[in-house]
Amino acid sequence: MKRAAAPEARRRSDGEPRTSLASGLLDSTETDAAGIAVRGVVGRGWRGIPRFDRFHLGRAGEKARSRTIAFPRPGCKRAAVVVDPSGHTPVLPGAVLTCLSPGRGDTVVDATVGGGGHARLLAEAIGPVGTLIGLDVDGSSLSAAEEALRDSPCRVVLIRENFGSLGRAMDAAGIGSADVILADLGVRSAQLNDASRGFSFQTDGPLDMRLDDRLTTTAADLVNGLREQALADVIYFNADERHSRRIAKRICEVRRERRIATTGMLSDVVCGALGADPASRKQKIHPATRVFQALRIAVNDELGALDRLLAAAPERLSVGGRLGVISFHSLEDGRVKRDFRSRQADGIYAVLTKRPMVADEDERNSNSRSRSAKFRVAKRIA
Ligand SMILES: C[S@@+](CC[C@H](N)C(=O)[O-])C[C@H]1O[C@@H](n2cnc3c(N)ncnc32)[C@H](O)[C@@H]1O
């Protein structure tokens, strides 16, 4: 039967259909509890052969409004390299592939798809009949992932969703259980280096720190709005900053005069409170490092999201499936360790990493972000 070409399938010069974010109309009636429709639109390539699925989230009949995107079907050309246009290098790539052991045809959830570095490796491993679901709360990460995964061999569905809502995201993608779930926590280099996002004390910018711009509370709101005691608690409990009270007191003194609205202002206030000179060679890390980490964790409820992911994962892994978490500070790693051990004691998981996997010297030298990375893996056994 001759197939008509889908009108929205624009062509590249090489004849392949584009897989860019196109705003087609949803034609699905499949909706989840929240009334969100998920629909793949089959794009047709040369001679009308189906070449890619395009997915959107939104209500049926509405204009697509999300970044849920489609990727080439089996048979499209494969890219040999991992690309994140922003320069982010995925940490522990060898350990991720070895410990998670993705197989041909597997269903993989990359819960923090970021620039698509790990996802690209996983996509290559699961091959043409595999499915990769990539989640991220940040639209800019999903755009980078779309680019990196453009020519992936497997079906790829990207969804703007918090991994704390793993079940909802997988339901939206029509996936009951996964063979592999990976979470590479924190932020990627492009987010950190973008002054307008407000994550870094290195460059001045608005004190924002939201990974998901749909959130309504920024770091400036916390810094200028929390009571002194609550602010000290955030700084202490999210980053083990032993001078939390002194810092909170100074912040409250300064904000009585003027709103602390930028990363530069906050950095100055913290350095002032500690009597520290950030340029001094005696400082191993910038004096404001922990305060920035604490606020970022609070703004994005990072520990809450991790707890919800860990709680949902056993139900969403197939028996024999593996969950891997890469964390970058002890608050995260401790949670992962305790969760894996308690589920091992309950006979649900076998912990595959008695000690966390860490980067070797070569990787530590070539990718500074890898220095604090800890990777733990558990396998669902019942
Ligand atoms: C370290 S990067 C991941 C990099 C990725 N593994 C790669 O190789 O390119 C972390 C990503 O997770 C996203 N993220 C952080 N917390 C999240 C959450 N709770 N739910 C979904 N995505 C999250 C960030 O926006 C960021 O893009």
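The values are calculated or read from the model by the stated rules, or taken from the named source; none is laboratory data. The structure presented is a predicted model; accordingly, all values stated were derived computationally and were not measured. Glycine gets a Cβ as well: all are built from the backbone with ideal geometry, and neighbour counts include every protein chain shown.
Of note:
- S366 surrounded by fewer than 16 Cβ atoms within 10 Å (Cβ to Cβ), of a type in the set (G, A, S) and within 21 Å of P90 (Cα to Cα): yes
- For segment 145-160, the set of residues classified as crowded, with 24+ Cβ neighbours inside 10 Å and within 9 Å of the ligand (Cβ to nearest atom) consists of A145, A148, listed by residue number.
- Residues that are over 16 Å from L92 (Cα atoms) and among the hydroxyl-bearing types (S, T, Y) within segment 336-363 comprise S342, Y349, listed in sequence order.
- Condition met for A125 (modelled with pLDDT of 95 or more and near the ligand (Cβ under 10 Å from one of its atoms)): no
- For the residues D208, D240, the requirement of being within 28 Å of G114 (Cβ to Cβ) and either surrounded by fewer than 17 Cβ atoms within 10 Å (Cβ to Cβ) or more than 16 Å from the ligand (Cβ to nearest atom) (or both) singles out D240.
- Test: residue in segment 217-233 that is out of contact with any Asp or Glu (no Cβ under 8 Å at 6 or more places or on another chain), farther than 30 Å from I381 by Cα and within 12 Å of the ligand (Cβ to nearest atom): no
- Filter result for S141 (in the same structural domain as F375 (by TED's automatic domain parsing), crowded, with 24+ Cβ neighbours inside 10 Å, at pLDDT 95 or above and away from the ligand (no atom under 11 Å from the Cβ)): no
- Tallying residues that are more than 16 Å from the ligand (Cβ to nearest atom), surrounded by fewer than 21 Cβ atoms within 10 Å (Cβ to Cβ) and in a loop (DSSP other than H, G, I, E, B) within segment 284-302 yields 3.
- Summed over segment 241-297, the residues that are more than 22 Å from T217 (Cα to Cα) and hydroxyl-bearing (S, T, Y) give a count of 1.
- Qualifying residues in segment 333-365 (those that are free of Cβ contacts under 8 Å to residues at least 24 places away in the same chain and small (G, A, S)) - the one farthest from N193 (Cα to Cα): A345
Yes or no, residue by residue, for (1) farther than 24 Å from S318 by Cα; (2) buried (at least 18 other Cβ atoms within 10 Å of the Cβ); (3) modelled with pLDDT of 95 or more:
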residue: L331; (1), (2), (3): yes, yes, yes
residue: K337; (1), (2), (3): no, yes, yes
residue: R341; (1), (2), (3): no, no, yes
residue: A345; (1), (2), (3): no, no, yes
residue: A359; (1), (2), (3): yes, yes, yes
residue: A373; (1), (2), (3): yes, yes, yes
residue: V377; (1), (2), (3): no, yes, yes
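- The residues of segment 236-281 that are touching a Phe, Trp or Tyr at 6+ places or on another chain (Cβ under 7 Å) and either under 17 Å from Q202 (Cβ atoms) or part of a loop (DSSP other than H, G, I, E, B) (or both), listed by number, are T263, S267.
- Total residues in segment 86-142, condition in a loop (DSSP other than H, G, I, E, B) and touching a residue at least 60 places away in the same chain (Cβ under 8 Å): 17
- Residue in segment 306-317 that is touching a residue at least 60 places away in the same chain (Cβ under 8 Å) and assigned to a strand (DSSP E or B) present: yes
- When segment 296-348 is limited to residues that are of a type in the set (V, I, T) and under 16 Å from the mean Cα position of the chain (by Cα), the one that is farthest from K374 (Cα to Cα) turns out to be V299.
- Taking each residue of segment 273-295 that is free of Cβ contacts under 8 Å to residues at least 60 places away in the same chain and farther than 20 Å from S368 by Cα and looking for partners that are among the acidic types (D, E) and assigned to a loop (DSSP other than H, G, I, E, B) with beta-carbon atoms closer than 7 Å, six or more apart or interchain, yields V291/E241.
- Any hit, segment 149-166, residues being among the charged types (D, E, K, R), in a helix (DSSP H, G or I) and in contact with a Lys or Arg (Cβ under 8 Å, 6 or more places away or on another chain): no
- Residues being among the basic types (K, R) and within 9 Å of the ligand (Cβ to nearest atom) - total across segment 161-203: 1
- Residues of segment 260-280 that turn out to be among the charged types (D, E, K, R) and under 31 Å from the mean Cα position of the chain (by Cα), as a count: 1
- Single unsatisfied condition, S327 versus (1) within 16 Å of the ligand (Cβ to nearest atom); (2) modelled with pLDDT under 95; (3) among the hydroxyl-bearing types (S, T, Y): (2)
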